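What follows is one structure encoded as structure tokens, with my remarks underneath.
Each reported figure results from applying straightforward, stated rules to the coordinates on display, with no laboratory input. Bear in mind the structure is a predicted one, so any value in this text is a computation, not a measurement. As a convention, Cβ positions derive from the backbone with ideal geometry for all residues, glycine included, and neighbour counts pool all protein chains shown.
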Amino acid sequence: MAVEEQMRGKYAALAADAAAGLETASAQEILGWALETFEDRMCITSSMESAVLIDMAGRLRPGTHIVFLDTGYHFAETLATLEQVQERYPVEIKVVRPRQTVAEQDALFGARLHDRDPDACCNLRKVEPLRRALEPYDAWASGIRRDETLSRQDIGVVDWDDNRGMVKVNPLAAWTQDDVDRYIAEHDVITNPLLAQGYPSIGCAPCTRKVKPGESPRAGRWAGSDKDECGLHLDPPTSTTLNLTGGSFINLPRGQ
Ligand code: SF4
């Protein structure tokens, strides 16, 4: 629902206080605070790259809601990881899909929209579905880290997501890849097999390639373009104008 208008100030202040108080806390303490504070009014998003946050949530609060965006373009390995995660962890996984199938999108906008206008494609297949998925909640969490991209370097362990009117929790904000690897090894966490096959960052198949030696871990995402975010974690989310086949234009939603 995102928080009611009169509650926005209160929740924004809560997020600021938590960000200051939890900056040096462990990821489990940050996630634990969030789950205790928001209970069923919170969810965690997962791309099924690894189940680190899902493992933590399953231990801290069984039944935690996990949102997975099934874009229709995932690698088979990612969907297989989803199945394994559903079988092992005591969490409630909600699979959310775009309003249109890939075939319907192709019919409307032409094939391979991801090649011609990836922001438009991400809006249709990720940003809009996430907006719908987050409607029942007051807070959401994800596994993004400060060391992943320039646009993520200033994220707090707890933020106020003003665009969505929600508290955003980033328990792994201060973690490095070594921290992630250590947690995975210590807790035998399920990981996407593509991680071990040269894909250190995994998104949709058409927009993800293997990383070459010496490249940054996210170099394989939208390779050859300036794009380095799908828009889910931008504030405000990416907006775009899409050229329809008839030559007219529509404005795609900014995170709506
Ligand atoms: S990552 Fe690529 S295929 Fe996936 S939604 Fe974005 S543009 Fe489309």
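Structure notes:
- Of all residues in segment 174-199, those that are away from the ligand (no atom under 16 Å from the Cβ) and closer than 30 Å to Asp115 by Cα total 7.
- Whenever a residue of segment 114-130 is under 19 Å from Phe68 (Cα atoms), its partners that are in a helix (DSSP H, G or I) and more than 8 Å from the ligand (Cβ to nearest atom), lying with C-beta atoms within less than 8 angstrom and at least six residues away or across chains, give the pairs Cys121/Gln105; Leu124/Gln105; Arg125/Gln105.
- Annotation note: of Val157, Val96, the sole residue that is more than 16 Å from the ligand (Cβ to nearest atom), surrounded by 14 or more Cβ atoms within 10 Å (Cβ to Cβ) and either over 16 Å from the mean Cα position of the chain (by Cα) or not basic (Lys, Arg) (or both) is Val157.
- Within segment 129-154, considering residues that are among the acidic types (Asp, Glu) and more than 18 Å from Lys227 (Cα to Cα), the one farthest from the ligand (Cβ to nearest atom): Asp138
- Among the residues of segment 113-145, those identified as among the small types (Gly, Ala, Ser), more than 21 Å from Ala205 (Cβ to Cβ) and over 11 Å from the mean Cα position of the chain (by Cα) are Ala133, Ala139.
- Scanning segment 185-237 for residues that are touching a helix residue (DSSP H, G or I) at 6+ places or on another chain (Cβ under 6 Å), surrounded by fewer than 19 Cβ atoms within 10 Å (Cβ to Cβ) and within 16 Å of Ala120 (Cβ to Cβ) yields a total of 2.
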